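Let me begin by presenting the structure, written as structure tokens, before commenting on it.
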Amino acid sequence: MTATAHALIGGAIAASVPNPALGITLSAISHPIADLVPHWDFGIGWKKKSKVILLLQSSADLSLGVGLTFLLFGNATDPLYLLACIFMSESWDILQMPYLLFNWKFPPFSTFYKFGHETNGKAKMPWGIVTQVASVTGLVLALRFIH
Ligand SMILES: [Zn+2]
């Protein structure tokens, strides 16, 4: 999924799970599960993109995600805990970036790349965004409800 979607999922977990050990673990686990949903993100077609464009798009996506998450959940929990959950929920993709950007085709970067490549559900626009908005909104509402 986009970094924005992963950040919001991590944020929703931080805001609803008071126990940091549990929340941080759940945020890490949320990444591969969320990626099973067919989606579009900036990594799709990365081989045909220049590294600079890929880096700029990924950074913009991540910044937007962190900004939106703090806007929505910044008052709900400790900011450091919120940041830790965002980071853990992004970590699987962050660990692929050296493979994509610097051709570091060795573990652990190649491992995370291969895992992502094989488990990511892909969908074209606009459905690839609609599925993310729907699943993130659904999860945020569900977590609010049980909280
Ligand atoms: Zn991912």
* To do: Filter segment 111-126 for residues that are surrounded by fewer than 18 Cβ atoms within 10 Å (Cβ to Cβ) and over 13 Å from residue 1 (Cβ atoms) and give the result.
  => 111, 114, 115, 117, 118, 124, 125, 126
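Residue-wise test of (1) crowded, with 17+ Cβ neighbours inside 10 Å; (2) away from the ligand (no atom under 15 Å from the Cβ); (3) aliphatic (A, V, I, L, M).
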position: 47; (1), (2), (3): no, yes, no
position: 55; (1), (2), (3): no, yes, yes
position: 65; (1), (2), (3): yes, no, no
position: 69; (1), (2), (3): yes, yes, no
position: 82; (1), (2), (3): yes, yes, yes
position: 86; (1), (2), (3): yes, no, yes
position: 89; (1), (2), (3): yes, no, no
position: 100; (1), (2), (3): yes, no, yes
* Asked: Which one is farthest from the ligand (Cβ to nearest atom) among residues in segment 71-80 that are in contact (Cβ under 8 Å) with a residue 24 or more places away in the chain and among the aliphatic types (A, V, I, L, M)?
  -> 76
* Asked: Is there any pair with a first residue in segment 19-46 that is more than 18 Å from residue 95 (Cβ to Cβ) and a second that is assigned to a helix (DSSP H, G or I) and open to solvent by 70 Å² or more (accessible area, probe 1.4 Å) whose Cβ atoms are under 8 Å apart and which are 6 or more apart or on different chains, and what are they?
  -> 38/127; 40/127
* Looking at segment 1-23, which of its residues are of a type in the set (A, V, I, L, M) and crowded, with 20+ Cβ neighbours inside 10 Å? -> 1, 3, 5, 7, 8, 9, 12, 13, 14, 15, 17
* Selection status of residue 40, within 28 Å of residue 104 (Cα to Cα), open to solvent by less than 70 Å² (accessible area, probe 1.4 Å) and in contact with a Leu (Cβ under 7 Å, 6 or more places away or on another chain) -> no
* **Selected residue (criterion: farthest from residue 95 (Cα to Cα)) from residues of segment 105-147 that are outside any helix (DSSP H, G or I) and in contact (Cβ under 8 Å) with a residue 60 or more places away in the chain** => 147
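The values are calculated or read from the model by the stated rules, or taken from the named source; none is laboratory data. Note that the coordinates shown come from a computational prediction; the quantities given were computed from them, not determined experimentally. Don't worry about glycine lacking a Cβ; one is built from the backbone with ideal geometry, like all the others, and counts go over all protein chains shown. Accessible surface areas use protein heavy atoms only, side chains included; no ligands, DNA or RNA. Shrake-Rupley method; radii C 1.70, N 1.55, O 1.52, S 1.80 Å.
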